[in-house]
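Have a look at the structure below before the remarks.
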């Protein structure tokens, strides 16, 4: 079975509860040599909840029935930079 590794952080360089980069514009790194192009970057908007559905897709596991979350799989975005972000609008509230 292929291995995928995801590295990210939760709060960015600032503090929680502000728009001063705290949790917004946080970098993420994914390594999935079987499917992902090597040495490329993406400048798309995603949210942390997207990783749950992305990992489910990478493992070829079905989404749990009745589960309602905001995340969406970004597997296609990882494979192709021309795919748009799955999110048209994102809102934050503290």
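The values are calculated or read from the model by the stated rules, or taken from the named source; none is laboratory data. Computed from a predicted structure; not experimentally measured. No Cβ is skipped: glycine too gets one built from the backbone with ideal geometry, and neighbour counts run over all protein chains shown.
Of note:
- Residue among 93, 81 that is modelled with pLDDT under 85 and surrounded by 12 or more Cβ atoms within 10 Å (Cβ to Cβ): 81
- Whether a residue is in contact (Cβ under 8 Å) with a residue 40 or more places away in the chain and more than 15 Å from residue 26 (Cβ to Cβ) was assessed, and residue 83 does not pass this test.
- Test: residue in segment 47-58 that is modelled with pLDDT of 85 or more, in a loop (DSSP other than H, G, I, E, B) and either touching a strand residue (DSSP E or B) at 6+ places or on another chain (Cβ under 8 Å) or exposed (fewer than 15 other Cβ atoms within 10 Å of the Cβ) (or both): yes
- In segment 32-42, the count of residues that are on the phi < 0 side of the Ramachandran plot, in contact with a strand residue (DSSP E or B) (Cβ under 6 Å, 6 or more places away or on another chain) and either modelled with pLDDT of 75 or more or not in a loop (DSSP other than H, G, I, E, B) (or both) is zero.
- Among the residues of segment 1-31, just one is modelled with pLDDT under 60 and over 29 Å from residue 91 (Cβ atoms), namely 1.
- In segment 63-72 there is no residue matching the filter, namely being closer than 20 Å to residue 5 by Cβ, modelled with pLDDT of 85 or more and not in a loop (DSSP other than H, G, I, E, B).
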